[in-house]
1. Find, among the trypsin sites (Lys or Arg not before Pro) in the range 497-601, those assigned to loop by DSSP (not H, G, I, E, B) with at most 13 other beta-carbon atoms within 10 angstrom.
2. Before I look further, what does the range 215-354 give for accessible area per residue, probe 1.4 Å, in whole square angstrom?
3. Where in the range 274-309 does the amide nitrogen come within less than 17 Å of the point 7 Å from the Cα of Lys214, taken along Cα to Cβ?
4. Alpha carbon centre of the range 474-535 versus the range 79-113: separation in Å?
5. Taking a point 7 angstrom from the Cα of Lys319 along the C-beta vector, which residues in the range 192-225 have backbone N less than 20 Å away?
6. How large is the charge dipole for the range 196-286, taken about the Cα centre, if only the Cβ atoms of Lys, Arg (+1) and Asp, Glu (-1) carry charge, to the nearest 20 debye?
7. Can you give the accessible area of Ile187, probe radius 1.4 Å, in Å² rounded to 10?
8. Rank these by accessible area, largest first, 1.4 Å probe: Tyr587, Tyr430.
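The values are calculated or read from the model by the stated rules, or taken from the named source; none is laboratory data. Keep in mind that this is a model prediction, so the values were computed, not measured. Cβ placement follows ideal geometry from the backbone for every residue including glycine, while neighbour counts extend to all protein chains displayed. Areas reflect the complete protein model, heavy atoms only, side chains present, ligands, DNA and RNA absent. Shrake-Rupley method; radii C 1.70, N 1.55, O 1.52, S 1.80 Å.
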Amino acid sequence: MLKNIRFAFNSIAESNAIRINRLNRSILLPNRICTNIHRCKKTDPSALSSLFKPVPVEIRLSQDDINVGAEITGVSVDKSEIMKILNKFAQRREIRMLCLENGLDNVLQQQAFASFRRYCRDTENLPVDLHIVFSDIFQNAGHVDDIFPYFLRHAKQIFPHLDCMDDLKKISDLREPANWYPAARAINRKIVFHAGPTNSGKTYHAMERFLSAKSGVYCGPLKLLATEVYHKSNKRGTPCDLVTGEERSFAINADTPAAHVACTVEMTSLTMPYEIAIIDEIQQIKDPQRGWAWTRALLGLIAEEIHVCGEAGSYELLKRLCETTGEELEVRHYKRLTELTVENKALTSLNNVQPGDCIVCFSKNDIYTVSKEIEARGKEVAVIYGTLPPGTKLAQAAKFNDPNNSCKIMVATDAIGMGLNLSIRRIIFYSLIKPSMNEKGEREMDTISISSALQIAGRAGRYGTQWEEGFVTTFRPEDLHTLTGLLKKNPEPLTQAGLHPTADQIELYAYHLPNSTLSNLMDIFVTMSTVDEGLYFMCNTEDFKFLAEMIQHVPLALRARYIFCCAPINRKMPFVCSMFLKFARQYSRNEPVTFNWLCTQTGWPFSLPRTILDLVHLEAVFDVLDLYLWFSYRFMDVFPEAILVRDIQKELDEIIQQGVIQITKLLQNSESAISSNQPDEDSFVLSQNKEHAIRDNKFSSPLRGRLTERLLAQGLLTPAMLQELKKEWNANNTNNSSHSDDDDDSPFSKKHRRRKFKKF
């Protein structure tokens, strides 16, 4: 019996040796992986191989005293002799060629050889078949090449991708994204491109068609734009709902959706049919981070008519994309409604600012510096930059636009480029150098693009306002010539549209590579992806991977992990990142993120900022509340108190507005190292603390009820603040003793309390 078993194993080994010697790789090695990788990708194959992490192989410990291999062969192999044979095996040129044929390049070969050596050295009893092969080699009855099938078996254990490379390549084949949306391909869509510069009325004409349609969807780049369309539609008598990542507002009610929807482009529904769809700011399809959302909307919307608005430079790309869908592109050109003049002199000094001027900076430090210097000259300033809450931006814009307001100067970043209606007479570029992100996710400093220059400069002069004629210049004389050259050119023609891996694609990758992390899966997908480089590019995934690595140690299901990593987070804000991690931990434990827990983490009740650092922190807190709301629409059970969170977010928005109004004072306090939460907080903070107390119907005159005890215990109310509240309570009781309890002007009136309670 043992003789027959030995004969069978020898026959297998002999057969393998014959195959190897003949190099009949089409039989032994059917997968021609390396050739395909080189043909499909510009990426160095070694760069791809470095992304595959070896899976540890369990060392087999002896379960009994019987070594079956030794029993069959009658030979007990020496581990030191095995190491010598394996060294000879790894150095053979024929073996290395066979490795390449099986997808094991030099990087993977070294790891596989090292792992196979460790396995053979540390396993007490080798598998029977491998033991027989080594025994035959020791007795000169076999060849060292006979080891290869067993080595390959081990290599596939530590590198599972070797068995599924064809499947992985099919999953990451992104050459025809138009075919991902069969419902859109099933109808005959009409595509209309409204092409023109800023202030040309292109979006206005598309909106008129939207408002007169039976149903429609507006897809915008910003919450502010979607909110503006939402309010405008309902005001015009066209019921319209609002859908953003953090908010849902309904024209009728949640159970009766309106036929029209205004949404941010990422939230576009590809399952709901519409008569009309608007995709605004289509040039954002080239954005390295968000471009995929415009591509998805353009290719996937189920709408009879799609009205695309944006720069004329988008035409060629749109035309080629429509060719892939078999649709025709109708173009309507628009000219600027107001004249824009480039001045022949730079500003040179902030003494020369005039009413209606907007100074555009590309860094917060410049914003702070310029604002302080202008206010030092006795002029009031409105300030707008990207991280401010929407309410604060709108309040600053309203103050600047109001002809009766004393604020006539604005200092802003390129956040004014879209999303805000501003009445600007002159745009002044404080600098033409802007930090940007390259394709590798690295930050660079470079001159602004033609598109950015035209977009920002075009904000000067607005049809139907007090400044119908617009002017533009620079702060520094040396920049004026460069700006003039930029504004004389047409926008750069777009050449590629963005793509991004979907959750379904990543789940398929995870099925084949179950031991890989999400960040690693994303890296492998992007590296292996095949795109039509004449039309598409892969969007930057650095932010996604940053979040994936941050929560890798948190136990989450893959789909939930993917959703967490899609959260809109500014990773340069440490506090926001810290709270993101805490949210993930709470979710993994299935523990609801309650209002009380969130208040403790964010330091509610909030106080007015005393320094710029305080203001920056409050902006980060606002982002955390936004993040909570974003999660509340995706994981309702764990983030259940969106209504309360939205209420304190509005309160925080008002506090930030107060801080921005006093931005010069904050800068001065920063220089004087004055900290926040001083005992002499102004009346605004005291009134905020009072508002928090009034919200709870357990509030009583002694100010020592359960609410007070809870706030004191959680550190949300200090003894000093309690004393101030007592004094204010007594003062109100004295001053209002002659007033009725139902006096609407009293902050403690029954009607006032009912209004507050109603919100909860």
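1. In loop regions of the range 497-601 (DSSP not H, G, I, E or B), the sparsely surrounded trypsin sites (Lys or Arg not before Pro) are Arg571, Lys572, Arg589.
2. Per-residue accessible area for the range 215-354 comes out at 42 Å².
3. Taking a point 7 Å out along Cα→Cβ of Lys214, the residues of the range 274-309 whose backbone N falls under 17 Å are 274-277, 302-306.
4. With the range 474-535 and the range 79-113 each reduced to a Cα centre, they are spaced 38 Å.
5. 192-197
6. 280
7. Around 60 Å² of this residue is reachable by solvent.
8. Final ranking, largest accessible area leading: Tyr587, Tyr430.
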